[in-house]
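Engineer: Below are the structure tokens for one structure; questions will follow.
The values are calculated or read from the model by the stated rules, or taken from the named source; none is laboratory data. Note that the structure is predicted; figures quoted are calculated from it, not measured. Note that each Cβ is placed from the backbone with ideal geometry, even for glycine, and that neighbours are counted across all protein chains shown.
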Amino acid sequence: MMRLCRFNEDRLGLVKQDHVIDVTAVLDRLPSFRYPLPKFDPFIAELDSLRDRIEELADGQPGIPIAELKFAPPVANPGKVIAAPVNYRRHLDEARADPEIHHRNRIAEIERVGLFLKATSSVIGPSEPIRVRHPDRRTDHEIELAVVIGKNADRVSAHRALEYVAGYCIGLDITVRGPEERSLRKSIDTYTVLGPWLVTADELTDPSQLSLKLSINGELRQNASTCDLLIDIPGLIAFATRFYSLVPGDVLLTGTPEGVGPITPGDVIQSEISQIGAMTASVQAYS
Ligand code: MN
């Protein structure tokens, strides 16, 4: 039962209510690697075996108030970031209805179009600003439940898929609208925000009814539940592993609900997912 974050300069923290306890010392227990480096995240891979030590290190330690911390993405080295296109019915309807979203791209059902990949270099934590790279083009917010894979997974069935999950966090899949492939438009530096912490799968056992809310400058824009996903979390994991294997630290963005809309420099994005928490991200001009 834990919430883990990465904060400030590569510190590892255990989140307890509104404080974070520094448990960075546990990382000394990770194996050291020589070149070539592994393709998985070494901390996520060892998470289960490190739990007791994390609790021991945290015991009796004073915490740092959350408000004083800078949050980095909870996974330091994701091997890949997988994303689900239009995986909510009402977002499919709005994307098909709005030429500024579809740009004459045929918006197909997820069962037909499948999944896509975002460059891992696009990943940031919520304390780093999103930097708008193409101010002349529409750039949208998309809140998504992010799933972090905890074990090697290959051709897994949906009914066992949740056994492969390390935990969950909030994801923002920032998107330039336009005619190019999704992987190009969504892989811009800073366009994948993950945070504020990883809630482990033993604490969040059922991801099928989580509420997602996103506000821009205090105005509610997206408000939905993962119960409306077209392909649910186990189904997405099973789908992905029919094509490629998943390794510890891989991140799966599960799709955004209706209500997507543009962001501009100066905006503050507040996002919230039940059983995970809330995070604030800011938008700046690229410089
Ligand atoms: Mn998305």
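Engineer: Of all residues in region 148-163, which are more than 16 Å from the chain's Cα centre (by Cα) and not in a loop (DSSP other than H, G, I, E, B)?
Structural biologist: A153, A158, H159, R160, A161, L162, E163
Engineer: Of (1) assigned to a loop (DSSP other than H, G, I, E, B); (2) of a type in the set (A, V, I, L, M, F, W, C); (3) surrounded by fewer than 18 Cβ atoms within 10 Å (Cβ to Cβ), V86 satisfies all except one. Which?
Structural biologist: (3)
Engineer: Next up: Can you tell me which residue in region 4-25 is nearest to the chain's Cα centre (by Cα), limited to those that are crowded, with 21+ Cβ neighbours inside 10 Å and β-branched (V, I, T)?
Structural biologist: For region 4-25, the residue satisfying everything is V15.
Engineer: Spot the failing condition for A84; the list is (1) within 16 Å of the ligand (Cβ to nearest atom); (2) of a type in the set (G, A, S); (3) free of Cβ contacts under 8 Å to residues at least 24 places away in the same chain, and only one is missed.
Structural biologist: For A84, the exception is condition (3).
Engineer: Does A108 satisfy the criteria of being more than 21 Å from the chain's Cα centre (by Cα) and either within 16 Å of the ligand (Cβ to nearest atom) or not in a helix (DSSP H, G or I) (or both)?
Structural biologist: Yes, satisfied.
Engineer: When you go through (1) of a type outside the set (G, A, S); (2) within 23 Å of the chain's Cα centre (by Cα); (3) surrounded by 15 or more Cβ atoms within 10 Å (Cβ to Cβ); (4) not in a loop (DSSP other than H, G, I, E, B) one by one for L57, which number turns out not to apply?
Structural biologist: Every condition holds for L57 apart from (2).
Engineer: Name the residue, out of L184, L145, that is part of a helix (DSSP H, G or I) and within 16 Å of the ligand (Cβ to nearest atom).
Structural biologist: After ruling out the rest, the residue left standing is L184.
Yes/no matrix, rows are residues, columns are (1) away from the ligand (no atom under 15 Å from the Cβ); (2) over 16 Å from the mean Cα position of the chain (by Cα); (3) of a type outside the set (S, T, N, Q):
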residue	(1), (2), (3)
G79	yes, no, yes
D93	yes, yes, yes
R112	yes, yes, yes
A119	no, no, yes
I124	yes, no, yes
P135	yes, yes, yes
A166	yes, no, yes
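Engineer: Could you please tell me which pairs satisfy a Cβ distance under 7 Å, a separation of 6+ or placement on different chains, a first residue in region 192-208 that is among the acidic types (D, E), and a second residue that is at pLDDT below 95?
Structural biologist: What qualifies is D202/M1; E203/M1; E203/M2.
Engineer: Regarding D250, is this residue at pLDDT 95 or above and touching a Lys or Arg at 6+ places or on another chain (Cβ under 7 Å)?
Structural biologist: yes
Engineer: Would you please list the contacts, defined by Cβ atoms under 7 Å and residues six or more apart or on different chains, that run from a residue in region 29-48 that is in a loop (DSSP other than H, G, I, E, B) to a residue that is aliphatic (A, V, I, L, M) and crowded, with 19+ Cβ neighbours inside 10 Å?
Structural biologist: Listed pairs, sorted by first residue: K39/V247; F40/V247; D41/V75.
Engineer: Report every pair of residues separated by at least 6 positions or lying on different chains whose Cβ atoms are under 6 Å apart, first residue within region 171-184 and on the phi < 0 side of the Ramachandran plot and in contact (Cβ under 8 Å) with a residue 40 or more places away in the chain, second within 12 Å of the ligand (Cβ to nearest atom) and among the polar types (S, T, N, Q).
Structural biologist: Nothing qualifies.
Engineer: Sticking with this structure for a sec: Of everything in region 107-142, what is among the hydrophobic types (A, V, I, L, M, F, W, C) and free of Cβ contacts under 8 Å to residues at least 40 places away in the same chain? Give them in sequence order.
Structural biologist: Correct list: I107, A108, V113.
Engineer: Could you run through region 232-253 and say how many residues are β-branched (V, I, T) and touching a helix residue (DSSP H, G or I) at 6+ places or on another chain (Cβ under 6 Å)?
Structural biologist: So the count comes out to 2.
Engineer: Which of the residues belonging to region 235-254 are surrounded by fewer than 24 Cβ atoms within 10 Å (Cβ to Cβ) and outside any helix (DSSP H, G or I)?
Structural biologist: Within region 235-254, Y244, S245, V247 qualify.
Engineer: Quick one: how many residues across region 222-259 are farther than 29 Å from N77 by Cβ and among the aliphatic types (A, V, I, L, M)?
Structural biologist: The number of residues fulfilling the criteria is 2.
Engineer: Looking at V176 and the list (1) within 16 Å of the ligand (Cβ to nearest atom); (2) under 16 Å from the mean Cα position of the chain (by Cα); (3) more than 24 Å from L47 (Cβ to Cβ), which single condition is not satisfied?
Structural biologist: In the conditions (1) within 16 Å of the ligand (Cβ to nearest atom); (2) under 16 Å from the mean Cα position of the chain (by Cα); (3) more than 24 Å from L47 (Cβ to Cβ), V176 misses (2) alone.
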